[in-house]
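Asker: Sharing a structure, written as structure tokens. Questions coming.
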Amino acid sequence: MQSRQLAVDGAFEFRPKIFTDERGLFVSPFQETAARQALGHPLFPVAQTNHSLSRRGTIRGAHYTLTPPGIAKYVYCARGRALDIVIDVRVGSPTYGLSETVLLDQDFRAVYFPVGVAHAFVALEDRTVMSYMLSGEYVPQNELALSVFDPVLELPLPTDFEPVMSERDLAAPTLETAEKSGTLPDYRRCLEIEQALCGGPAR
């Protein structure tokens with residue numbers, strides 16, 4: 001499995017080897033050894049797994065978790081195609097406000113989101129299935145959103161279809177508004193929580 005550090009501090013893309021024959025294919029989207037080598041620590045203990053099924057044009061996010069408690073994620077596309085977007089919303093981070101987009105499809109690339117980093121994706125095909133491993137369980141009052149249309153973020157959203165979004169995501173605040181409200185994660189606190197989760201060295 002190959003790995004690549006993304007523009008957002010602490011975020012990584014993983015690309016597994018795919019084995020094909022006349023029956024189809026076999027792939028391991030997550031491998032502990034590769035994660036440990038790239039991240040410098042083991043993956044977090046998995047507390048919850050999620051799947052989402054989306055029609056073409058669906059935009060989910062950008063979502064982040066109130067920190068503490070904070071949540072780290074490992075995400076891949078099990079079916080279809082999606083633009084997966086990593087956004088650094090950790091106040092004090094050296095890459096605060098930066099983002100990177102990774103095409104997730106049947107090459108089974110995966111993305112590691114460190115604690116405090118926001119996540120969004122755009123489904124490029126009908127019945128796109130996104131799979132998540134999470135370091136914490138879903139608690140509705142801890143889950144927050146940012147506007148993917150915030151011009152400051154400059155997210156490369158496709159323009160060839162009308163977006164399908166939840167009311168909450170359509171009404172989500174900008175990064176500046178969220179920062180002023182005090183809901184954005186603190187970078188140093190995120191590192192401390194991730195270190196406690198994964199046992200890795202503090203960066």
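The values are calculated or read from the model by the stated rules, or taken from the named source; none is laboratory data. A quick note: this is a predicted structure, and the numbers were derived from the prediction, not measured. In this analysis, Cβ positions are derived from the backbone assuming ideal geometry, glycine residues included, and neighbour counts consider all displayed protein chains. Surface accessibility is based on the protein's heavy atoms, side chains included, excluding ligands, DNA and RNA. Shrake-Rupley method; radii C 1.70, N 1.55, O 1.52, S 1.80 Å.
Asker: Could you identify the single residue in Tyr138, Tyr132 that is at pLDDT below 95 and within 23 Å of Cys190 (Cβ to Cβ)?
Answerer: Tyr138
Asker: Additional query: On the basis of being surrounded by fewer than 19 Cβ atoms within 10 Å (Cβ to Cβ), within 19 Å of Phe14 (Cβ to Cβ), touching a residue at least 24 places away in the same chain (Cβ under 8 Å) and among the polar types (S, T, N, Q), does Gln106 make the cut?
Answerer: The answer is yes for Gln106.
Asker: Out of Ala47, Ala78, Ala34, report the one residue that is in contact (Cβ under 8 Å) with a residue 40 or more places away in the chain, over 13 Å from the mean Cα position of the chain (by Cα) and over 16 Å from Phe121 (Cα atoms).
Answerer: Answer to the selection: Ala47.
Asker: Tally time: how many residues in segment 109-149 are in a strand (DSSP E or B), open to solvent by less than 20 Å² (accessible area, probe 1.4 Å) and β-branched (Val, Ile, Thr)?
Answerer: Adding up the residues that qualify gives 3.
Asker: Give me a count of the residues in segment 151-195 that are in a helix (DSSP H, G or I) and either open to solvent by less than 90 Å² (accessible area, probe 1.4 Å) or touching a residue at least 60 places away in the same chain (Cβ under 8 Å) (or both).
Answerer: Of the residues in segment 151-195, 14 are in a helix (DSSP H, G or I) and either open to solvent by less than 90 Å² (accessible area, probe 1.4 Å) or touching a residue at least 60 places away in the same chain (Cβ under 8 Å) (or both).
Asker: Okay, moving on. Looking at (1) without any contact (Cβ under 8 Å) to a residue 60 or more places away in the chain; (2) over 17 Å from Phe108 (Cβ atoms), which is the one condition that is false for Arg4?
Answerer: Unmet for Arg4, out of (1) without any contact (Cβ under 8 Å) to a residue 60 or more places away in the chain; (2) over 17 Å from Phe108 (Cβ atoms): (2).
Asker: Against the condition free of Cβ contacts under 8 Å to residues at least 40 places away in the same chain and of a type in the set (A, V, I, L, M), how does Ala145 come out, does it pass?
Answerer: Spelling it out, it is not the case that Ala145 is free of Cβ contacts under 8 Å to residues at least 40 places away in the same chain and of a type in the set (A, V, I, L, M).
Asker: Here's something else I'd like to know. Condition check: among the aliphatic types (A, V, I, L, M), open to solvent by 30 Å² or more (accessible area, probe 1.4 Å), touching a residue at least 24 places away in the same chain (Cβ under 8 Å) and in contact with a strand residue (DSSP E or B) (Cβ under 9 Å, 6 or more places away or on another chain). Does Leu98 satisfy that?
Answerer: Considered against the rule, which asks whether it is among the aliphatic types (A, V, I, L, M), open to solvent by 30 Å² or more (accessible area, probe 1.4 Å), touching a residue at least 24 places away in the same chain (Cβ under 8 Å) and in contact with a strand residue (DSSP E or B) (Cβ under 9 Å, 6 or more places away or on another chain), Leu98 comes out as yes.
Asker: Which condition number in (1) over 16 Å from the mean Cα position of the chain (by Cα); (2) closer than 24 Å to Phe14 by Cα; (3) at pLDDT below 95 is the one that Tyr187 fails?
Answerer: Tyr187 satisfies every listed condition except (3).
Asker: For segment 1-73, which strands (runs of 3 or more DSSP E) that fit wholly inside it have 2 or more residues that are under 24 Å from Leu153 (Cα atoms) and open to solvent by less than 70 Å² (accessible area, probe 1.4 Å)?
Answerer: Because the criterion is at least 2 residues that are under 24 Å from Leu153 (Cα atoms) and open to solvent by less than 70 Å² (accessible area, probe 1.4 Å), the strands (runs of 3 or more DSSP E) in segment 1-73 that meet it are 12-15, 59-65.
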